[in-house]
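Data first, discussion second: the structure below is written as structure tokens.
The values are calculated or read from the model by the stated rules, or taken from the named source; none is laboratory data. This structure is a prediction, so every number in the text was calculated from the model and none was measured. Backbone-built Cβ (ideal geometry, glycine too); neighbour counts: all protein chains shown. Just so you know, the surface numbers come from the protein's heavy atoms only, side chains and all, with ligands and any DNA or RNA stripped out. Shrake-Rupley method; radii C 1.70, N 1.55, O 1.52, S 1.80 Å.
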Amino acid sequence: MTSPDLPAELKASLNARLEGLSRSDTAGRAAIISQTYREGGGSSTIKTETDALAYAVARMPATYAAVVASLNSLSEIRPDFAPTSLLDVGAGPGTASWAAAEAFPSLQAFTLLDSNEALRTLALDLTRRSERLRRITYELGQARIYAAHAEAADLVIASYVINELNDAERDALTDVMWEKTRDTLLVVEPGTPAGYARIIALRARLIAAGAHVAAPCPHDNGCPLIAPDWCHFSQRLQRSRAHKQVKGADAPFEDERFAYVALTRAPLAARPSRVLAQPDVGKVEIAAKLCTVEGITVAEVPRRAKADYARARRWRWGDAVEISVAGRPGESRDP
């Protein structure tokens, strides 16, 4: 499995760019940009080199970790998947491309699309010394327009992008991305109820167009969760010194909540169940909330079933698991 931490060469490039810059000024810009995103805005406030770098230091580690976690889940389900081409839609500083390059050594061609010139400039600078990514193609312009003219790719990724679009724009981009997907489309969004809702709408639209879910769902049916519950996951990542300074944080780690879906052209023969919350480990049994082919189930693994119990103790939120134990209908609840 690919590590959720930024690759060493990317860390080095970011640190080199930070030399000579005021960390307090960078932190201030990062706070303004983060606030804009939380209020539903996009990357329009990122206009300068300092803005782009502040965004990258503050958000790139968490976005990278979420994309890597999603790609790890995809690779676990499809261990033979070896894409040779990537289309990174709404690429920003190139986060998803770095993640895909780490997850798939088979990748050879990288095409990135984004409308933000400052983020494109930073992405090209960060990849200049990378053996894998220094020859990327990065097109500047509206994602849907450029994607429509891009070459189809084995793997298409849109990470933290569709939240910046209205419903009509989102549907149009969804259709174009699927048209350009030879094999697999991965969409990652913030792990909020709104992010989950966007993922579910895109998922339903593309299943109706003939797509099949590879992860995280073990089925192509409608999501069985009932509001106010929603499907999302969490990835822990270590914070660098620069990351802590820009974020104004003391904790050595951060937990990124995210929602995602990986859709494929061809159906998978079988998909395992998915752990939807951190299991409750008790003295008598382990109770784990699972999404299964049959719907939401709480698997109850008694301690006396030693082999099953030992296996269930290793289950973590987000894991794909095979179950052969009793369960009961699940109740929607926040993990």
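For the reader, a short list of remarks on this structure follows.
- Of the residues 192, 181, the single one that is hydroxyl-bearing (Ser, Thr, Tyr) and surrounded by fewer than 20 Cβ atoms within 10 Å (Cβ to Cβ) is 192.
- Residue list for the range 266-291, filter: basic (Lys, Arg) and open to solvent by less than 20 Å² (accessible area, probe 1.4 Å): 274, 289
- Conditions (1) open to solvent by 50 Å² or more (accessible area, probe 1.4 Å); (2) on the phi > 0 side of the Ramachandran plot: number failed by residue 160: (1)
- Residue among 199, 226 that alone is of a type in the set (Val, Ile, Thr) and surrounded by 13 or more Cβ atoms within 10 Å (Cβ to Cβ): 199
- For first residues located in the range 159-172 and closer than 14 Å to residue 197 by Cβ, partners that are not in a helix (DSSP H, G or I) and lie 6+ apart or on another chain with Cβ distances below 7 Å form the pairs 162/187; 162/189; 163/189; 163/190.
- Counting residues in the range 208-226 that are in contact with a helix residue (DSSP H, G or I) (Cβ under 8 Å, 6 or more places away or on another chain) and under 30 Å from residue 31 (Cα atoms) gives zero.
- Looking only at the range 131-155, residues that are surrounded by 15 or more Cβ atoms within 10 Å (Cβ to Cβ), acidic (Asp, Glu) and in contact (Cβ under 8 Å) with a residue 40 or more places away in the chain come to 1 in all.
- Unique match (being among the small types (Gly, Ala, Ser), within 30 Å of residue 61 (Cα to Cα) and touching a His at 6+ places or on another chain (Cβ under 9 Å)) among 288, 259: 259
- Residue count, the range 240-265 (criterion: open to solvent by 50 Å² or more (accessible area, probe 1.4 Å) and either of a type in the set (Val, Ile, Thr) or touching a residue at least 60 places away in the same chain (Cβ under 8 Å) (or both)): 6
- Qualifying residue in the range 58-76 (condition: open to solvent by 10 Å² or more (accessible area, probe 1.4 Å) and over 16 Å from the mean Cα position of the chain (by Cα)): no
- Sole residue being without any contact (Cβ under 8 Å) to a residue 40 or more places away in the chain, open to solvent by 30 Å² or more (accessible area, probe 1.4 Å) and acidic (Asp, Glu), chosen from 322, 294: 294
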